[in-house]
Amino acid sequence: MKPFSHHLLWIFPLSDFTTHPDTLQKDMGETKNTSLDPVVTGFVLLGLPHPPSLRTLLFLVFFIIYILTQLGNLLILLTVWADPKLHARPMYILLGVLSFLDMWLSSVIVPRLLLDFTPASKAMPFGGCVAQLYFFHFLGSTQCFLYTLMAYDRYLAICQPLRYPVLMNGRLCTILVAGAWVAGSIHGSVQATLTFRLPYCGPNQVDYFICDIPAVLRLACADTTVNELVTFVDIGVVAASCFMLILLSYACIVRAILKIRTADGRRRAFSTCGSHLTVVTVYYVPCIFTYLRAGSKSPLDGAVAVFYTVVTPLLNPLIYTLRNQEVKSALKRITAGGKATRENK
């Protein structure tokens with residue numbers, strides 16, 4: 001293996017993307033390279049397999065999804081910020097943070113995905129690939145922690161209603177959200193560092209639509225067993241721990257709801273939790289499918305990844321506006337207030 005300093009050559013311009021013809025030889029799973037092998041200075045994302053005849057249609061579909069995602073989540077953010085009844089409650093502060101994360105996660109993935117359906121170059125600088133992988137895992141893991149905080153908030157509100165204002169106040173909510181951001185940043189840094197500390201000497205074609213760990217590791221010119229193990233354990237521990245805490249919270253919530261005597265009270269309690277539980281399901285199931293099968297090359301992997309990276313950020317504002325009565329009421333108040341202001345003018 002070349003010394004690490006040799007691999008810092010990726011800072012050279014993208015014109016050096018080409019690799020030596022004798023760069024990489026694979027025989028019975030072993031990688032061999034000569035001292036003349038250049039270091040990969042960038043990657044080419046092959047994107048999603050698609051018929052050329054559908055290129056324009058797919059571009060329009062993903063472009064519309066991206067615009068609707070940004071507008072929908074921005075609407076949630078503005079509603080929480082503008083309505084005094086919402087932005088004073090931790091539940092909706094967390095919802096606003098989730099919308100902010102969805103907007104950024106979509107922006108990390110979709111604009112680069114749209115290039116797959118254009119004649120533009122599919123090349124990505126080495127640094128750009130590092131940044132995309134880091135922000136993808138940073139924002140994704142932060143979402144994971146945030147879903148857990150939202151479940152904990154619902155647990156306190158339903159199971160400890162009298163102590164809720166003390167146990168979950170604005171200051172504590174801010175601290176917990178900040179902790180989720182810091183933990184997510186650490187997680188993203190660990191994954192990016194472990195992935196790109198390996199030597200990449202060619203080929204440089206990533207068989208995926210984003211720079212993600214499983215696809216990039218296949219191009220490494222070194223043994224990736226340790227990386228795969230750490231990735232499996234790290235992501236598995238983070239996702240499984242959060243998921244188990246969410247399930248535990250909802251087990252307590254369901255037990256508390258069943259003790260409510262009135263049918264209307266049970267319905268309102270289930271309605272409050274239903275939106276969050278739906279979002280958790282559509283987020284975790286595809287993630288588990290993707291990362292617990294890191295060595296898989298199934299054609300379904302790309303479709304599943306598109307669902308939780310592109311479609312889920314679009315579904316979140318729809319789920320919360322269609323299923324949450326308080327958000328719908330706030331939207332009506334804001335709309336009515338806007339109409340009254342225009343009439344007074």
Note to self: Which numbered condition in (1) hydrophobic (A, V, I, L, M, F, W, C); (2) open to solvent by less than 50 Å² (accessible area, probe 1.4 Å); (3) more than 28 Å from GLY42 (Cβ to Cβ) is the only one that ILE175 fails?
What the structure shows: (2)
Next item on the list: Starting from residues that are small (Gly, Ala, Ser) and either closer than 21 Å to THR309 by Cβ or modelled with pLDDT of 85 or more (or both), keep the ones in the stretch 200-237 and report whichever is farthest from the chain's Cα centre (by Cα).
Entry: ALA222
Next item on the list: Inspect the stretch 103-122 for any residue being farther than 29 Å from SER53 by Cα and assigned to a helix (DSSP H, G or I) and give the result as yes or no.
Entry: yes
Note to self: For the stretch 81-98, check the following and say yes or no: at least one residue is open to solvent by 50 Å² or more (accessible area, probe 1.4 Å) and touching a Lys or Arg at 6+ places or on another chain (Cβ under 7 Å).
What the structure shows: no
Next item on the list: Determine the pairs where a residue that is open to solvent by 20 Å² or more (accessible area, probe 1.4 Å), located within the stretch 131-159, has a partner that is aromatic (Phe, Trp, Tyr) with Cβ atoms under 6 Å apart, the partner being 6 or more residues away or on another chain.
Entry: ALA157/TYR164
Next item on the list: Answer yes or no: is there a residue in the stretch 207-223 that is touching a His at 6+ places or on another chain (Cβ under 9 Å), under 25 Å from GLY42 (Cβ atoms), open to solvent by less than 60 Å² (accessible area, probe 1.4 Å) and among the aromatic types (Phe, Trp, Tyr).
Entry: no
Next item on the list: Any chance you could count how many residues in the stretch 250-266 are surrounded by 13 or more Cβ atoms within 10 Å (Cβ to Cβ) and under 17 Å from ASN324 (Cα atoms)?
Entry: 1
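The values are calculated or read from the model by the stated rules, or taken from the named source; none is laboratory data. Keep in mind that this is a model prediction, so the values were computed, not measured. Note: ideal-geometry Cβ built from the backbone for every residue, glycine included; neighbour counts use all protein chains shown. Surface areas here come from the heavy atoms of the whole protein model, side chains and all, with no ligands, DNA or RNA. Shrake-Rupley method; radii C 1.70, N 1.55, O 1.52, S 1.80 Å.
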